[in-house]
Amino acid sequence: MYDFSWLFRAIPYGVFTTIYFDGKEYGEVDPVFVEEFGLQLGASWKIFDSEGRSLAVSFNKSYLNPLLMGGWSRMPSVFDFRGDRVLSFFYYGDDLFGPAFKEPLVSYSRIPIYHSRFQQLSYTAHLCIRLTNELVLQPYLFEDYLRRLEDPYFTVCCDNGSVTAFDIAFTDEPFKITAI
């Protein structure tokens with residue numbers, strides 16, 4: 001165990017909030033935080049608490065899709081919590097972070113806007129599609145749904161941290177086609 005108690009008397013330089021999703025291998029960092037402190041941030045961060053527990057996590061140093069990866073999945077066992085959590089961290093410089101707060105994620109409305117799982121409730125639909133033989137043989141059911149939407153597009157958030165947006169195009173000539 002390390003003694004980081006001296007840092008709790010220091011004034012933090014910044015703070016960011018993220019979400020720990022149970023079983024997800026990475027955490028997403030606020031790009032605004034990375035923009036502000038990016039030149040100071042190294043590839044390995046140390047997260048500590050007032051009880052002397054600490055965890056090293058790797059940071060991908062991306063400004064576009066900043067992620068905490070190696071070590072992230074160990075957060076619950078090191079800091080003694082279960083399930084999905086809202087986590088805020090103070091930044092003390094030199095890649096040292098301490099928890100500002102952690103609380104259960106009781107509503108998806110608490111997910112920060114930069115996060116890949118953020119929901120704009122009136123505009124976001126979560127779709128989990130299992131490609132079965134029946135669905136592949138009857139693709140028009142989903143196509144009809146898409147055609148009823150105004151200006152449809154997909155934002156695909158994958159568990160490897162990638163986020164990609166796809167426009168959807170429709171045509172009826174020479175025959176009915178829906179394409180991504």
Each label sits 7 Å from Cα toward the beta-carbon; between Ser62 and Arg147 the label points are separated, in nm, by 3.6 nm
Spin-label point model (7 Å from Cα, Cβ direction): what's the Val32 to Tyr13 distance in nm?
1.9 nm
Computed Kirkwood radius, in angstrom, where 1/r is averaged over Cα pairs of region 5-110
13.9 Å
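Values in this text are rule-based calculations from the coordinates and carry no lab data. Since the structure is predicted, the reported quantities are computational estimates derived from the model, not experimental observations. Cβ: placed from backbone, ideal geometry, glycine included. Neighbour counts: every protein chain shown.
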